[in-house]
1. Over its Cα atoms, what ratio of radius of gyration to 2.2 N^0.38 Å does the range 1-73 give?
2. At 1.4 Å probe size, with every protein chain present, just tell me what the per residue accessible area of the range 41-92 comes to in Å².
3. Net charge near Glu10: determine it from the other residues with C-beta under 13 Å of the C-beta of Glu10, scoring Lys and Arg +1 and Asp and Glu -1.
4. Net charge near Phe68: determine it from the other residues with C-beta under 12 Å of the C-beta of Phe68, scoring Lys and Arg +1 and Asp and Glu -1.
5. How much of the accessible area of the range 37-89, in percent, comes from carbon and sulfur atoms when a 1.4 Å probe is used?
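The values are calculated or read from the model by the stated rules, or taken from the named source; none is laboratory data. Given the structure is predicted, the values throughout are model-derived calculations rather than measurements. Note: ideal-geometry Cβ built from the backbone for every residue, glycine included; neighbour counts use all protein chains shown. Areas reflect the complete protein model, heavy atoms only, side chains present, ligands, DNA and RNA absent. Shrake-Rupley method; radii C 1.70, N 1.55, O 1.52, S 1.80 Å.
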Amino acid sequence: MHPDVRDLDERELIKRSAAGNLEAFSELVRRYEKKVFTVAYRFTGNYSDASDLAQEVFIRVYQALPRFRGEASFNTWLYRITANLCRDELRRQKRHKKTYLEEMTAENACPGLPDGNSLSPDEIVEQREFQEMVQACLNELPDDYRLVLVMREIQGLSYAEIAAALDVAQGTVKSRLSRARQAFRRKLFGRREHFKFLSRLLE
C-alpha cells in the first residue's frame, strides 16, 4: 500500500475509492471492517455467515460509492447497507430453516465481561458459556429488536445514527430499543442454569 494512503482523511479516501483507487478502498475497509463484522456476527450468531456478509457489504459499498453523495455520513450509509444485508440473510436462513450458534472467541465478543487473563480455568469456561447464552438470547429476538440492540449496546451508535441507518424516526428507535432490552433481559434471566454466574457479573 502506498505509504500516504493511511494518512488521508475519510472524504479523500471516499473520493479516490469512487474513482476506482483500490489502495484507497482497502484503507476504507481496514478502518471499518471490524465494526461491520461485529454487527454481522451479533446479528447472525455465526462466524462463517458474518464473514461472508462483511465481504458482501464491502462489495456493495465499492459498487455504490460512485453514487454516494454524502447526504448522510459514510458511517451511517455503511451501517444502512450492513443492516439491509443482515435482514436479507436472516430471511434466507429462515426460508432454509437454518439455526446457528457457534462458540464465541473473538476479541471483545462480549463487552463488559472480565478479562480472560484474570480468570481461573473454571471461570473462563463459565464466561464462555455466558457468552454463548448472550448470543442465544440475541438470536431469539425479533430482527428489528436485535438490530437496534446490537447497534446501540454493542456498537455504541447514537439514536440519531441508528435512525438514519434504519430510515426510521428516533422515537421508533427508542421504543424498539426499550422493548428489545426488556425482551433480552427476560430471556437472559430465564436461563436459570447460568443465574449464579450472571449474578456475580452484575454485582
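1. Values: Rg = 13.1 Å, N = 73, 2.2 N^0.38 = 11.2 Å.
Taking N as the residue count of the range 1-73, the ratio is 1.16.
2. On the way: 2290 Å² over 52 residues.
Result: 44 Å² of accessible area for each residue.
3. Values: positive: Arg6, Arg11, Lys15, Arg16, Arg30, Arg31; negative: Asp7, Asp9, Glu12, Glu27.
Residues close to Glu10 contribute a combined charge of +2.
4. +4
5. Values: 1060 of 2180 Å².
That share works out to 49 percent.
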